[in-house]
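Okay, structure first, notes after.
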Amino acid sequence: MLAIDVAAYRSPWRRRHPAAKAVLAGGLLLSALLLPPWPGAPITAVITLVVALGWARVPPRAFLRSARAPLAFIVTGSVTFLISVDTSGLAWAPGGAVRAGEVIGRCVAAVFCQLLFAMTTPLADVLPRIARRPGLSGLAEVAGLVYRMLSVVLETVNAIRRAQADRLGTRSWRTQWRSVIGLAAQVFVLSFDRARRLEAGLSDRGYTGSLAVSVESLPLTGRFLALAPLPGLVSAGLTLALTSACTVA
Amino acid sequence: MHIAEGFLPPLHAAAWTVAAAPFVAHGVVRLNRQIKENPEAKLLLGASGAFCFVLSALKIPSVTGSCSHPTGTGLGAILFRPPVMTVLGTITLLFQALLLAHGGITTLGANAFSMAIVGPWAGYGAYTLVRRLGGGLLGAVFAGAFVADLVTYCVTSAQLALAFPDPAGGFTGALTKFGAIFAVTQIPLAVSEGLLTVLVVRLLRSTSAAELIRLRVLKEGQVAS
């Protein structure tokens, strides 16, 4: 299983309704995107971190490890704001550092909000609820199948990788290429074979086209739902108060 | 490369979502029709989606000596056709956002537009063109994968340039800037992905010809040859 999914399944918020968690993370995400980056982004980022690590008790190491890759992209991508290009060539962009800082701040806050939702809500809780929406049942069922097959396929990929490494398949550039090609082809063959076997197993059980699974009922009402919009509102309130205080000063 | 959560200004994120929506809706309609006519196809589509996800997570040795990930959109479009690939690509992007924190929810529309719509259609167009001009299967596969990868990143460059025009050079300056940065890594990566895809299809032709016939990539007569 993937680290984010593991965290979501182990989360103390696992039994909270996904919609309530979407309201909470979505409210913070809106604050991160719509409020002025300074001081909105740092305030939203700190509030999201407090909610994730304190209230939702997401393991800090797993949270930071999951944030590492997107944050690296964000910092690398923002370097381009420092340079300006026109017909005369390259130059330092006026105000480039401020622009890069604003984008980095907004992204850090937004990525934290994304992780807050992802690390507290397994996809298996979200997809069956989407399937109830008219017109989306086919899409949600296929997405649910992809999700279920993913765990099996990823396990296969890891097993093949280990076997290839044990046979010195990562020794050189040439063997690495051969290993990747073999891996991709083998995953294709195994995925289709698994689908075929599932198809045969289901038709033996009188498959009629419906893959509906029973969904655990989770309460949507109560204290949690009432508190869900609060972090976003606190973030917006603090930002607006600080902004107006700075304007007056 | 996916555009990370929060990287695009909210208006741009919303506009790209609106732009991607009709293509995804068209793909969903096609998918629903396919499932209705053939309920077993659902399982094949599930397997295909899982394969697309894994494909985009594979590390391939790049020509520059570094390591990178293929987009997988070219191979996906050749195997499953662009409308289905639009849906599978969007599902893959959503899963990558929620399971790997690669890409984002608000940037899903922009990422889907480049990776699940324009990339697959351009790649499939190149693949079809080469085959119609009499090129062999493997040549067409290389063209499809190369074009899909490169076009995906060209669209991403344009999306970023539109969102962040250069203070001096405007949209063109920003496009040059982002394009130049991507060109260093993406042209070798597109070549690598093209080669990888050719070798995968060559291997599949000998090990899984029945699946390739079922997916209409090969015809009965081509297997014997």
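The values are calculated or read from the model by the stated rules, or taken from the named source; none is laboratory data. Note that this is a predicted model, so its numbers are computed, not measured. Because the Cβ atoms are built from the backbone with ideal geometry, glycine has one as well, and the counts that use them run over all protein chains shown. Areas reflect the complete protein model, heavy atoms only, side chains present, ligands, DNA and RNA absent. Shrake-Rupley method; radii C 1.70, N 1.55, O 1.52, S 1.80 Å.
Here is a check on your reading of the model: is A:R57 open to solvent by 70 Å² or more (accessible area, probe 1.4 Å) and touching a Phe, Trp or Tyr at 6+ places or on another chain (Cβ under 9 Å)?
Spelling it out, A:R57 is indeed open to solvent by 70 Å² or more (accessible area, probe 1.4 Å) and touching a Phe, Trp or Tyr at 6+ places or on another chain (Cβ under 9 Å).
Sort through A:L116, A:L154 and tell me the only one that's assigned to a helix (DSSP H, G or I) and either open to solvent by less than 10 Å² (accessible area, probe 1.4 Å) or more than 8 Å from every other protein chain (Cβ to nearest Cβ) (or both).
Details: A:L154 fails: either open to solvent by less than 10 Å² (accessible area, probe 1.4 Å) or more than 8 Å from every other protein chain (Cβ to nearest Cβ) (or both).
Answer to the check: A:L116.
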Next on the checklist: Could you tell me how many of the residues in segment A:51-83 are out of contact with any Leu (no Cβ under 7 Å at 6 or more places or on another chain) and without any contact (Cβ under 8 Å) to a residue 60 or more places away in the chain?
Outcome noted: 23
Item to check | Within segment A:91-109, tally of residues that are at the interface with chain B (Cβ under 9 Å from one of its Cβ atoms) and of a type outside the set (G, A, S) | outcome: 6
Checklist outcome for this item: Being over 30 Å from A:S179 (Cβ atoms) and either touching an Asp or Glu at 6+ places or on another chain (Cβ under 6 Å) or more than 8 Å from chain A (Cβ to nearest Cβ) (or both) narrows B:A183, B:A190, B:A168 down to just B:A168
Checklist outcome for this item: Screening A:R148, A:R133, A:R171 for residues that are of a type in the set (K, R) and within 18 Å of B:Q96 (Cβ to Cβ) leaves only A:R148
Checklist entry - Does segment A:45-54 contain any residue that is assigned to a loop (DSSP other than H, G, I, E, B), out of contact with any strand residue (DSSP E or B) (no Cβ under 7 Å at 6 or more places or on another chain) and open to solvent by less than 30 Å² (accessible area, probe 1.4 Å)? => result no
Checklist entry - Can you tell me which residue in segment B:55-89 is nearest to B:A210 (Cα to Cα), limited to those that are at pLDDT 90 or above and facing chain A (nearest Cβ under 9 Å)? => result B:L88
Checklist outcome for this item: In segment A:71-101, anything surrounded by 14 or more Cβ atoms within 10 Å (Cβ to Cβ) and closer than 27 Å to A:K21 by Cα is listed as A:L71, A:F73, A:I74
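So, in segment A:72-90, of the ones that are of a type in the set (A, V, I, L, M) and more than 8 Å from every other protein chain (Cβ to nearest Cβ), which residue ends up nearest to A:L116 (Cα to Cα)?
Taking segment A:72-90 first, the residues of a type in the set (A, V, I, L, M) are A:72, A:74-75, A:79, A:82-83, A:85, A:90.
Filter again for more than 8 Å from every other protein chain (Cβ to nearest Cβ), leaving A:72, A:75, A:79, A:82, A:90.
Numbers: A:A72: 19, A:V75: 21, A:V79: 27, A:L82: 31, A:L90: 40 Å.
Among residues in segment A:72-90 that are of a type in the set (A, V, I, L, M) and more than 8 Å from every other protein chain (Cβ to nearest Cβ), the one nearest to A:L116 (Cα to Cα) is A:A72.
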Checklist entry - Any chance segment A:135-150 includes a residue that's open to solvent by 20 Å² or more (accessible area, probe 1.4 Å), in contact (Cβ under 8 Å) with a residue 60 or more places away in the chain and at the interface with another protein chain (Cβ under 8 Å from one of its Cβ atoms)? => result yes
Checklist outcome for this item: Exactly one of A:T221, A:T239, A:T175 is among the hydroxyl-bearing types (S, T, Y) and more than 30 Å from the chain's Cα centre (by Cα), and that residue is A:T175
Checklist entry - Which residue out of A:S78, A:S172, A:S88, A:S66 is out of contact with any strand residue (DSSP E or B) (no Cβ under 6 Å at 6 or more places or on another chain), of a type in the set (G, A, S) and outside the structural domain of A:T44 (by TED's automatic domain parsing)? => result A:S172
Checklist entry - Has segment A:192-201 got any residue that is in contact (Cβ under 8 Å) with a residue 60 or more places away in the chain, within 7 Å of chain B (Cβ to nearest Cβ) and more than 28 Å from A:G232 (Cα to Cα)? => result no
